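Written below as structure tokens is the structure these notes are about.
The values are calculated or read from the model by the stated rules, or taken from the named source; none is laboratory data. This one's a predicted model, so the numbers in the text were calculated from it and none came from an experiment. Positions of Cβ are backbone-derived with ideal geometry, glycine not excepted, and every protein chain shown enters the neighbour counts. To get the accessible areas, we keep the full protein, side chains included, count just its heavy atoms, and leave off ligands, DNA and RNA. Shrake-Rupley method; radii C 1.70, N 1.55, O 1.52, S 1.80 Å.
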Amino acid sequence: MFNKLVRDPAALSGLLIIALVLAAAIFAPLLAPHNPEPVSLTERLLPPGADYPLGTDALGRCLYSRVLFGARVTLQYALSILIVILSIGVPAGLLAGYRGGLLDTAVMRMVDTILAFPNLILALVLIGVLGPGLFNVMLALALVSWVGYARVVRGMVLSIKEKEYIAAARVCGTPDLKVVWRHIMPNVLPPLAVLATLDLGKLVLSIATLSFLGLGAQPPTPEWGAMINDARPYLQTVPRLMFVPGIAIALTVLGFNLLGDGLRDILDPRSSGSVEGEKRHFAWLLPGAGKAVEK
Amino acid sequence: MWYRGAFLSYYLLKRFATLIPVMIGVSIITFLLVELAPGDPAEIILAKRDIELTPQALEEARRLMGLDGPLYERYLHWLRRLLSGDLGVSYSSGEPVAREILSRLPATLELAAGGLLAMLLIAFPLGIAAALYNRTFIDHFSRFTALIGASVPSFYLGLLLISMLAVHLDWLPVMGRGTIRHLLLPSLTLGFGLAATYARLLRAGLLEVLQLEYVRAARARGVRETLVIGRHALKNALIPLVTVFGLSLGNLLGGTMVVEQVFAWPGVGRLAVQAIFNRDIPILQGYALLMAVIYVLVNLAVDLSYRYLDPRIRLGGKEVG
């Protein structure tokens, strides 16, 4: 599968971009020439030079170092949120789909209710209640996003459950947990990988957007969305303050999107370019993923 | 035919019935927002009105605001007031929340409509061109634009547009609301991200329809290509677009909040973001509720409309013989 991925130029470039951003995040302390946080008012808005590869921002901090550490902040939070979402959404979907009955109804009612709110708006309002900050952004995004996975997983379980080999396994007396783990999970995983990859891009966007609004990362944390917000007064005079973090966000999201597309093409070759495929993909790019997947 | 009407009204009834639990769920979630928020609403209101915080005054205020009973009683009290249009009072302005929100709703709806129009104006030419020139430069260009549209954050795009078109070239006003010219940049910002993905969907739909018998028949009869596309193919290629419209509406509504912030657009999203900084929970509650209601109702309308557009679905999913 990895070979196939590398042979697809789009997926390969996605993989390379992600590798680059990941490297920046991991090795930021080694790569960054300066500490990204301390303010130095004597070195405000310096142009790029030997000491500061991308110049300094309005508070005299090294822009290059801040963008590198920004990768760290963004990926750290995006991955944490994804892990929380997966560990709530997947078990909920498996349980609801496999057990059915009242449990299924209860889970799906909850899912439908949360999906009745536009995703970003519910996250915003939750942050309003919890108070601004990256940790609360994480909580809010996790609370509104797990439902998409629960729904997708449940839908897949429902269709797999009807297969003969599942019935055979159950007739042989295989315990439920083993049926789910051995026979259902392997079928659920590939589409989940596509969804999770595309979702990482969405999470990066959401974190940046909420931080841009002043609700996520608080100063002096180097976060890309917050950096763009800080750069607004210098839109005309020092545009690179906005360009650099903006390109970092777009590139990271693009990387996840390219990789997600590539994975989808490999795992589900027929869907690529067809109406159903585009529709599913379209739904996956949007929050509350999974509504259209079932149809 | 009587059975067609019967199918539709049965479906309508069933679809409306599914709304009830969702709406109850939405009301519970929005109610709980205030319950979970730190701070005592009665205390905040008293402080706002410069009333001394004596225990008696607090108790009286709690009783008047319906905050003294157990949770379910408070919910029912809140729900009763909600159903009579009372969403409470804004902590920061002291005005009724309903009035605050409704006075800003037209601006948000105007922006959403502008964004939608911009989306269609970009998506249609791009999608049709990509289908007609499948696997050529134009097709690749549309795919590339779709990727960019899905990857660039809207607030960043908005700032770029401001910097290029409003400040450098001085073609359009930077921010505020008023004339059509004010609406152009925010609409473009809002519509671009979605447009690219719609264009891909339209392309896929057209490519599938163009291979069908009736299109080939039309072509064989020598119908002009513009007519083949415009009259025969496009109509059917539109159905998948309508079905996903309901889904993307959530993005559109969430997008208005961000775009309003970038362009200082005086809508409900901007009000909500300000409310966060003022810890004005009733405003947030009203905003969440309103957006959920709009989202759910438009999705219902979309559902019904594509059932109407596509006779196969209209007749309960059976193929028309």
Could you tell me how many of the residues in segment B:245-260 are within 17 Å of B:E100 (Cα to Cα) and in contact (Cβ under 8 Å) with a residue 60 or more places away in the chain?
1
So which residues in segment A:30-53 are open to solvent by 70 Å² or more (accessible area, probe 1.4 Å), in a helix (DSSP H, G or I) and touching a residue at least 12 places away in the same chain (Cβ under 8 Å), if there are any at all?
A:L31, A:L41, A:T42
List pairs: first in segment A:157-171 and touching a residue at least 24 places away in the same chain (Cβ under 8 Å), second assigned to a helix (DSSP H, G or I) and aromatic (F, W, Y), Cβ under 7 Å, 6+ apart or cross-chain?
A:V157/A:Y98; A:K161/A:Y98
Give me the residue from segment B:132-164 that is more than 8 Å from chain A (Cβ to nearest Cβ) and of a type in the set (S, T, N, Q) and, out of that set, nearest to A:A250 (Cα to Cα).
B:T145
Scanning segment B:55-76 residue by residue, the ones that are at pLDDT 80 or above, out of contact with any Phe, Trp or Tyr (no Cβ under 9 Å at 6 or more places or on another chain) and buried (at least 16 other Cβ atoms within 10 Å of the Cβ) total 1
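Condition test on A:L215, is it modelled with pLDDT of 90 or more, open to solvent by less than 10 Å² (accessible area, probe 1.4 Å) and facing chain B (nearest Cβ under 8 Å)?
yes
From the list B:A131, B:A112, B:A146, which one is assigned to a helix (DSSP H, G or I), open to solvent by less than 50 Å² (accessible area, probe 1.4 Å), at pLDDT 90 or above and small (G, A, S)? Full working, then the answer.
Values: B:A131 fails: at pLDDT 90 or above; B:A146 fails: at pLDDT 90 or above.
One residue alone meets the criteria, B:A112.
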Would you mind finding the one in B:I20, B:I51 that is within 14 Å of chain A (Cβ to nearest Cβ) and open to solvent by 70 Å² or more (accessible area, probe 1.4 Å)?
B:I20
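Kindly indicate which of B:V209, B:V167 is part of a helix (DSSP H, G or I), open to solvent by less than 20 Å² (accessible area, probe 1.4 Å) and within 14 Å of chain A (Cβ to nearest Cβ).
Working: B:V167 fails: open to solvent by less than 20 Å² (accessible area, probe 1.4 Å).
From the options B:V209, B:V167, the qualifying one is B:V209.
State all residues of segment B:170-205 that are modelled with pLDDT of 85 or more and either more than 14 Å from chain A (Cβ to nearest Cβ) or in contact with a His (Cβ under 6 Å, 6 or more places away or on another chain) (or both); if no residue qualifies, say none. Steps first, answer last, please.
Residues of segment B:170-205 that are modelled with pLDDT of 85 or more, as a first pass: B:182-192, B:195, B:198-199, B:201-205.
Selection gives B:H182, B:L183, B:L184, B:P186, B:S187, B:L188, B:G191.
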On the given criteria, is A:S87 open to solvent by 60 Å² or more (accessible area, probe 1.4 Å), without any contact (Cβ under 8 Å) to a residue 24 or more places away in the chain and hydroxyl-bearing (S, T, Y)?
yes
So B:S93 clears everything in (1) more than 18 Å from B:L207 (Cα to Cα); (2) modelled with pLDDT of 90 or more except one condition, right? Which one?
(2)
Residues of segment B:249-277 being more than 10 Å from chain A (Cβ to nearest Cβ), of a type in the set (A, V, I, L, M) and open to solvent by 10 Å² or more (accessible area, probe 1.4 Å), which ones?
B:A264, B:L271
By residue number, the members of segment A:150-181 that are within 26 Å of A:L195 (Cα to Cα), of a type in the set (A, V, I, L, M, F, W, C) and surrounded by 11 or more Cβ atoms within 10 Å (Cβ to Cβ) are A:A150, A:V152, A:V153, A:M156, A:V157, A:L158, A:I160, A:I166, A:V179, A:V180, A:W181
When you check B:L188 against the structure, is it open to solvent by 30 Å² or more (accessible area, probe 1.4 Å) and touching a Leu at 6+ places or on another chain (Cβ under 6 Å), yes or no?
no
Determine, yes or no, whether B:V298 is modelled with pLDDT of 85 or more, touching a Leu at 6+ places or on another chain (Cβ under 7 Å), more than 9 Å from chain A (Cβ to nearest Cβ) and open to solvent by 20 Å² or more (accessible area, probe 1.4 Å).
yes
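For segment A:226-295, which fully contained helices (runs of 4 or more DSSP H) count at least 1 residues that are modelled with pLDDT of 70 or more?
A:240-267, A:275-285
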With B:A107, B:A118, B:A42 as the choices, which residue is closer than 17 Å to B:Y287 by Cβ, of a type outside the set (F, W, Y), open to solvent by less than 60 Å² (accessible area, probe 1.4 Å) and in contact (Cβ under 8 Å) with a residue 24 or more places away in the chain?
B:A107
For segment B:84-97, state whether one or more residues are under 18 Å from B:V293 (Cα atoms) and in contact with a Leu (Cβ under 8 Å, 6 or more places away or on another chain).
yes
